[in-house]
Each structure stands twice: as C-alpha cells, then as structure tokens.
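The values are calculated or read from the model by the stated rules, or taken from the named source; none is laboratory data. The structure presented is a predicted model; accordingly, all values stated were derived computationally and were not measured. Note: ideal-geometry Cβ built from the backbone for every residue, glycine included; neighbour counts use all protein chains shown. In case anyone asks, the SASA skips ligands and DNA or RNA and just uses the protein heavy atoms, side chains included. Shrake-Rupley method; radii C 1.70, N 1.55, O 1.52, S 1.80 Å.
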Amino acid sequence: MGKCCVVALAIALGTTPAAAQKVWRHAIIEAKSDAGFAMMVTRGFAEKQALKLEIMQIKADQIGLKALLAGELDSYEGGPGGAIVAAARGADVKILGCHWPGLVHGLFAREGVAKIDDLRGKNIAISAPGALPDLLIRAVLEKQGIPVADVKFANMGSDTDRYKALTVGVVDAAIVSTEYLPIAPKTVKLLATGREALPNFMRVCMISSGKALAEKPDEAARFLAAEIAALRYAATNREEEIKLTFEITKAKPDDPRPGFIFDEAVRHKDIDPELGLPMEKLAWTQEMLLKNGSMPKPVDLKKIVAPEVRAKALELVE
C-alpha cells in the first residue's frame, strides 16, 4: 500500500459503542475534479453513523482490488469490470452499490485523428487491463469495427498521467475524464463521450469482499449509509461540493473543471446517490468482458453483489 496516502484519519468518538467499532478502510481513485463527491463523506457524515473511517487515494482501481484481496482495505471505488473478472477467477469480491452508473470519461485525440477510424496504427493511453479506460476503448473500437490489434495501447495509470501524455504528444489518443474538456488545448479534441457511445457502461461502484463484510457487518452498513447521505448532500449542494473539490485538489481558483464536472454529472444523471445495483448493466458488462476475452467464464452475478448491505444502509440513513 505504499502508493496509498491517508487523506482522512479515523474519526475518534468518545462514546462506548463507537469505541467498540473497528475502522473501515476505504480507497478512492486519485482525487480530481469530482473529489467533492468522493470526499463529502468525511464532512460529518461518517461521524453521524458513529463510523471510524479512513480514506486513501490510489492511482488506479486495480491497485484497490489488489489491496482489498490482500486485506489492506475493506472497500474501494472502482469500475465493476475488474471486480467481475476477479470473481470469475475465484476472488472474494462483493459489489455493494454503484454511485457513478454514467460515464464522464471520453476518447480524446490529437490533431491527425479526426475520427475514430483514424486510430488505426495509433498509440492510445489507457490504464491497467480490465480497468475502465481499457474496457471503454475496447468497446468503442469494437463498435467501430476496428480490431484491437490495429492500435497500440500504452498503460499510463491515472487520468492526469494520460492527459499529460496526450497533450505533449507521447500518445495520439487517450481515455480521460471529460473534466479536461474546458482546459484542453486546440490541438486536442473529444472524439466520443462514454455515456453516448456506451450507455450501459458503468463508471464506478463500491466494492468490498466477503471477508470484510463477514468481519465488519455493522461497519459495512454504516459506511454505505454515510456514503448515501453524503452523496445526496453533494448532488444537491453545488457550491459546497465544488468548494470541497478545490480544497482537496488544491486547484487554482479559476480552474473551471470542478464546476464543469458537477454540472455534467447532475445534468446527465451520471451519479446515483442511492448507490443502486443495476443488474442489467452488470450483466451487460460481463457480456462485454466475455466477448473481448477478459474473463475465462461467466459468473453468477447475484453471488457477487451484496444488496442486503445496501438495504440495511438505507434503513440507517432514513
């Protein structure tokens, strides 16, 4: 976990029930212009649930998956594709709910790539195999009828890394969050948005393990309850979500991205504060993974979701 940095320490409460509880360790993808959504839970919402919470930042969801399976985390936020692939290989993973069912990511390209078909023979920045950028570009290429062998992939970790590589010309195209659209140079343009190209593709879910849920059932429900309450608040309080984003990312005061991504997410309903479990979208994701050879065999998706945790959380938060 050397790449993880603690950004929210455990909330210490003096009451006996809280003192008896265990710490819930959660990881988010490296804070960027939607950080206010991810971190709002630290603004008193975990405390209201008498929850001791640690939040860490990681470069990519594959790091979160490895840390979860190693017992170093109790949950992480990441694309459901990686969890489904891991489950197909026997990993003990549980999807608790999905708070970003819509994609804010898109396919950006430099001059010389005017349309998706122009990607043949070009270098495209993605993330780890099975992570969201990898799955998204594969699906876009398939939809366009371009064999994966006709392009070259470059694994570059975070959105920031991929965006920088694109703007300096290290790669010809990249999958990054559309938050970069307001600051992108004229040499870079958006070829396709994820939400339009792949309406069934889910961006981020809360992922835990059967072991964590068995050892910390109360904390798991309280964690999800705190997240639901925090996300509801963030989605309906624009200025506070944006203010928190600036605080977390230390962005310059004139940076347009926090406001842009908030408005995009709310307008397009990319975010679901209720942390739903859209089984039809999970099934679509599995079909895509099977089709592109990312997983050896299908899994029973009902066995890798934990709706009972969400049900208990909703009771706690309402």
Trypsin sites (Lys or Arg not before Pro) in the range 75-151 lying in a DSSP loop, each with at most 16 other Cβ atoms within 10 Å of its Cβ, come to Arg89, Lys115, Arg120, Lys122
Across all Cα atoms of the chain, Rg and the largest Cα-Cα distance (Dmax), in Å, are 19.1, 64
Sketch the reach of a paramagnetic label on Glu318 as a point 7 Å from Cα along Cα-to-Cβ, and name the residues of the range 181-221 whose backbone nitrogen lies under 12 Å away.
none
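Relative contact order for the range 92-166 using alpha-carbon pairs under 8 Å, separation at least 6, rounded to a whole percent?
Numbers: 59 pairs, mean separation 25.4, N = 75.
It rounds to 34 percent for the range 92-166.
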Given 0.36 nm per residue, what is the gain on full extension from Ala149 to Leu69 after removing their alpha carbon distance, in nm?
25.6 nm
Dividing the alpha-carbon radius of gyration of the range 35-96 by 2.2 N^0.38 Å, where N counts its residues, gives 1.23
Spacing of the two label points (7 Å from each Cα toward its C-beta) at Lys122 and Glu142, in nm
2.1 nm
From a point 7 Å beyond the Cα of Asp92 in the direction of its Cβ, which residues of the range 52-77 have a backbone N at a distance under 11 Å?
69-71
Cα centroid separation, the range 44-103 to the range 151-205 (Å):
23 Å
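From the cross-link list Lys211/Lys269; Lys32/Lys302; Lys94/Lys312; Lys211/Lys291; Lys115/Lys250, which pairs have alpha carbons spaced over 24 Å apart?
Beyond 24 Å between Cα atoms: Lys211/Lys269; Lys32/Lys302; Lys211/Lys291; Lys115/Lys250.
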Go ahead and collect, in residue order, the members of the range 69-85 whose backbone nitrogen is under 17 Å from a label point 7 Å along the Cα-Cβ direction of Leu290.
81-85
If you build a Gaussian network model of the chain, linking Cα atoms that sit under 10 Å apart, which residue out of Ile271, Ile28, Ile183 swings the most?
Ile183
Over all directions, the range 28-148 yields a Cα convex hull whose mean projected area in nm² is 9.3 nm²
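Quick check on the chain: helices-only [θ] at 222 nm, where DSSP H runs of length 4 and up contribute -39,500 (n - 2.57) each and the sum goes over total residues. Nearest 500, please.
It lands at -12000 deg cm²/dmol.
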Size of the range 98-250 along its principal axes in angstrom, Cα-based, largest extent first?
53, 36, 24
For the chain, set up a Gaussian network in which alpha carbons nearer than 10 Å are linked by springs, and say which option among Ser208, Ser294, Ser127 fluctuates the most.
Ser294
Specify the angular offset, from 0 to 90 degrees and rounded to the nearest 10, of the alpha carbon long axis of helix 238-249 from the longest principal axis of the alpha carbons in the chain.
80 degrees
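Of the heavy-atom accessible surface of the chain (probe 1.4 angstrom), what whole percent is carbon and sulfur? Working shown, then result.
Values: 7100 of 13240 Å².
Carbon and sulfur atoms account for 54 percent of the accessible area of the chain.
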Radius of gyration and Dmax over the Cα atoms of the range 242-293, both given in Å:
16.5, 45
Just the Kirkwood number for the range 188-300, please: inverse of mean 1/r across all distinct Cα pairs, in Å, one decimal.
17.1 Å
Can you tell me the accessible area per residue over the range 83-148, all protein chains present, probe 1.4 angstrom, in square angstrom?
32 Å²
If the elastic network links every pair of Cα atoms under 10 Å, which of Gly293, Gly97, Gly106 fluctuates the most in the Gaussian network model of the chain?
Gly293
How far, in degrees from 0 to 90, does helix 217-236 lean away from the longest principal axis of the Cα atoms of the chain, to the nearest 10?
60 degrees
To the nearest 10 square angstrom, what accessible area does Glu287 show with a 1.4 Å probe?
110 Å²
